[in-house]
Amino acid sequence: GAGVSQSPSNKVTEKGKDVELRCDPISGHTALYWYRQSLGQGLEFLIYFQGNSAPDKSGLPSDRFSAERTGGSVSTLTIQRTQQEDSAVYLCASSLVAGAGVAETQYFGPGTRLLVL
Amino acid sequence: KNEVEQSPQNLTAQEGEFITINCSYSVGISALHWLQQHPGGGIVSLFMLSSGKKKHGRLIATINIQEKHSSLHITASHPRDSAVYICAVGGSQGNLIFGKGTKLSVKP
């Protein structure tokens with residue numbers, strides 16, 4: 001079946017502009033995660049959605065970052081007033097379920113490579 | 001101190017060699033994951049384990065919960081195994097906390 005898809009695959013923007021990144025999780029997966037991988041850095045957690053519960057935003061680096069998930073499926077990560085340090089690969093992952101103490105395999109999308117000039 | 005530590009950071013091997021990558025963690029976990037990231041960036045989940053040992057083809061993953069340590073082994077390594085291998089542990093809400101990765105290069 002179809003895996004996790006993300007769009008766009010690449011995005012170049014100017015400093016100060018807003019960008020929207022999209023993630024389509026695997027159908028039926030209730031948990032959706034956004035991660036970021038900066039050049040030369042490891043992966044870091046940004047935000048997590050589980051079903052219709054309020055998202056865990058604890059990993060968002062600043063209030064310029066926000067995300068929503070409509071209808072429990074597609075998610076959009078928005079970065080306002082982009083800065084050069086926002087340049088990174090933004091990865092989305094989904095899993096069947098999630099929660100404290102729950103272990104599930106996460107399936108990753110191909111990522112969106114964002115470059116802020 | 002990072003919550004998830006991997007070693008080595010870089011590893012070069014000759015085709016056919018037995019490879020071991022180590023991961024230590026300092027937080028309580030629901031499970032430990034081994035991921036593979038190829039050049040081009042795609043990430044694939046190799047293993048998820050919370051105890052004992054798992055095997056898939058030439059890959060073996062072990063975990064010692066008491067020692068908070070896991071190892072990923074590759075037997076009869078091949079150039080196509082060249083990738084970044086990432087250890088990750090399940091966080092408090094199911095999100096993953098990642099190690100910095102081990103870059104493996106297998107030479108023919």
Calculate one ³J(HN,Hα) per residue across the range A:79-93 by plugging θ = phi - 60° into the Karplus curve 6.51 cos²θ - 1.76 cosθ + 1.60, and present them in order as whole Hz with x for glycine and proline. 10, 8, 6, 4, 10, 4, 6, 7, 4, 4, 9, 9, 10, 10, 9
Using θ = phi - 60° and the Karplus form 6.51 cos²θ - 1.76 cosθ + 1.60, what ³J(HN,Hα) does each residue of the range A:13-23 get, whole Hz, x for Gly and Pro? 9, 8, 3, x, 7, 8, 10, 10, 10, 10, 9
Working out 0.36 nm times the residue gap between A:L115 and A:S58, then minus their Cα-Cα distance, what length gain in nm do you get to one decimal? 18.1 nm
Can you list the lysines whose alpha carbon is less than 25 Å from that of B:K55, not counting same-chain residues fewer than 8 positions off? B:K68, B:K100, B:K103, B:K107
For A:E44, project a label point 7 Å along Cα to C-beta. Then give me every residue of the range B:1-28 with its amide nitrogen under 15 Å of that point. B:1-4
Taking R0 as 35 Å and r as the Cβ-Cβ distance between B:N22 and A:S87, the FRET efficiency 1/(1 + (r/R0)^6), rounded to the nearest 0.05, comes to 0.70
On average, how many beta carbons from a partner chain sit within 10 Å of the beta carbon of a residue in A:87-94? 1
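Each value in this text was obtained by applying a stated rule to the coordinates, not by laboratory testing. Since this is a predicted model, take the numbers as computed values, not measurements. Cβ sites come from the backbone with ideal geometry, for glycine too, and all protein chains shown count toward neighbours.
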